[in-house]
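A.B. asks: Quick one: this structure, given as structure tokens, is what I'll be asking you about.
Just so you know, all these numbers are worked out from the coordinates, no wet-lab data involved. As the structure is a prediction and not an experimental result, all values here were calculated from the model. Cβ placement follows ideal geometry from the backbone for every residue including glycine, while neighbour counts extend to all protein chains displayed.
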Amino acid sequence: VSLQLHDLTFSPFISEETIDRAIARIAQELKRDFNGKEPLFIGVLNGSFMFAADLLKKLDFPLHISFVKVASYEGTKSSGTVSELIGLKEDISGQTVVLLEDIIDTGNTLEELYEALQKKGVAKTKIATLLYKPKAYTKKIPIDYVGLEIPNDFVVGYGLDYDGLGRNLPAIYKLKE
Ligand code: XMP
Ligand code: MG
């Protein structure tokens, strides 16, 4: 049962059931830590849309939800890229934020997001990710809630894409060697 997306072939890797169990566990941890605190959950588009929907449906306490996109562009200084959060209209200063990511690989994206949130004056930023590649991660920022640790394979499905395709798949597939 392999899957063809553009020029590449993928094979089944993580089932819907395994994803659901991992999300249920994260939901329990979040309930333990944030029940009564009315946190703001921020999903990082596009990849986290499915994770955010399934996770937040499992939380039964009052909370806020927003989504952002990250726009990266070259800054005027030579120190690499500058990231801007697109779509966040609320004043989030002083709030407790839980960032929802589909996957954390090197952590570059996470670090940029984290710094952008700090600049907006959030009181505390916690990180929840469905997938985490520990062997690829190069940053110091603690990742507070992890669904599943995976090896350094390229994966698609459940929000993750290969060149625009595969986000709608309810399970996760990995690139066939
Ligand atoms: P970094 O390296 O910044 O990567 O932590 C995070 C972003 O890179 C994309 N990414 C992937 N996308 N399959 C994908 O479809 C993967 O295996 C994969 N690894 C990293 C993704 O956009 C993520 O937000
Ligand atoms: Mg992508």
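A.B. asks: Quick one: which residues, 5+ away or cross-chain, put their amide H under 5 Å from the amide H of GLY159? H built at 1.01 Å from N.
C.D. replies: Under 5 Å from the amide H of GLY159 lie the amide H atoms of ASN168, LEU169, each far enough along the sequence or on another chain.
A.B. asks: Name the lysines eligible as straight-distance cross-link partners of LYS126: C-alpha to C-alpha under 20 Å, and not fewer than 8 places from it in the same chain.
C.D. replies: Straight-distance partners of LYS126: LYS31, LYS37, LYS57, LYS58, LYS69, LYS89, LYS139, LYS140.
A.B. asks: Tell me which of GLN28, LEU45, VAL1 sits at the most positive position along the dipole axis of the range 1-53, charges placed on C-beta atoms (Lys, Arg +1; Asp, Glu -1).
C.D. replies: About the Cα centre, the residue reaching furthest to the positive side is GLN28.
A.B. asks: Please report, in debye to the nearest 20, how large the charge dipole of the chain is about its Cα centre when each Lys and Arg carries +1 at its beta carbon and each Asp and Glu carries -1 there.
C.D. replies: Working: 21 positive and 25 negative charges, 94 e Å.
Here the chain has a charge dipole of around 460 debye.
A.B. asks: Next question, about the same structure. Can you give the log10 of the normalised intensity I(q)/I(0) at q = 0.14, 0.31, 0.32 Å⁻¹, computed with Debye over equal Cα scatterers of the range 110-149?
C.D. replies: Computed log10 I(q)/I(0) values: -0.33, -1.16, -1.19.
A.B. asks: For GLU101, enumerate residues with amide H under 5 Å from its amide H, sequence gap 5+ or separate chain, H modeled in the peptide plane.
C.D. replies: Counting only residues 5 or more places away or on other chains, the set is ALA128, THR129, LEU130.
A.B. asks: What are the ³J(HN,Hα) values, in whole Hz, obtained from phi via the Karplus relation 6.51 cos²θ - 1.76 cosθ + 1.60 with θ = phi - 60°, for each residue of the range 43-53 in sequence order, with x given for Gly and Pro?
C.D. replies: Here the 3J(HN,Hα) series is x, 9, 7, 8, x, 8, 4, 6, 4, 4, 4 Hz.
A.B. asks: Same structure, new question: List every residue whose amide H lies under 5 Å from the amide H of ILE65, counting only residues 5 or more places away in sequence or on a different chain, with H placed 1.01 Å from N in the peptide plane.
C.D. replies: PHE41
A.B. asks: When DSSP assigns beta bridges and you keep just the ones with both residues in the chain, what percent turn out antiparallel, to the nearest 5? Write out the running numbers ahead of the final one.
C.D. replies: Values: 17 of 38 bridges.
Given both bridge residues lie in the chain, the antiparallel proportion sits at roughly 45 percent.
A.B. asks: Rounded to the nearest 20 Debye, what is the dipole magnitude of the range 1-40 about its Cα centre when Lys and Arg each give +1 and Asp and Glu each give -1 at the C-beta?
C.D. replies: On the way: 5 positive and 7 negative charges, 49 e Å.
It works out to roughly 240 debye.
A.B. asks: Mind listing the phi-derived Karplus ³J(HN,Hα) values for the range 95-109, rounded to whole Hz, using 6.51, -1.76 and 1.60 with θ = phi - 60°, and x for any glycine or proline?
C.D. replies: 8, 8, 10, 10, 7, 10, 10, 6, 8, 10, 10, 6, x, 4, 4
A.B. asks: Can I ask one more? For the range 148-157, take each phi angle, set θ = phi - 60°, evaluate the Karplus expression 6.51 cos²θ - 1.76 cosθ + 1.60, and give the result in whole Hz per residue in order, putting x for glycine and proline.
C.D. replies: 9, 8, 10, x, 6, 8, 7, 10, 9, x
A.B. asks: At each listed q (0.09, 0.14, 0.23 Å⁻¹), what is the log10 of I(q)/I(0) that the Debye formula gives for the range 55-177 modelled as equal alpha-carbon point scatterers?
C.D. replies: Normalising to I(0) and taking log10 leaves -0.29, -0.71, -1.53.
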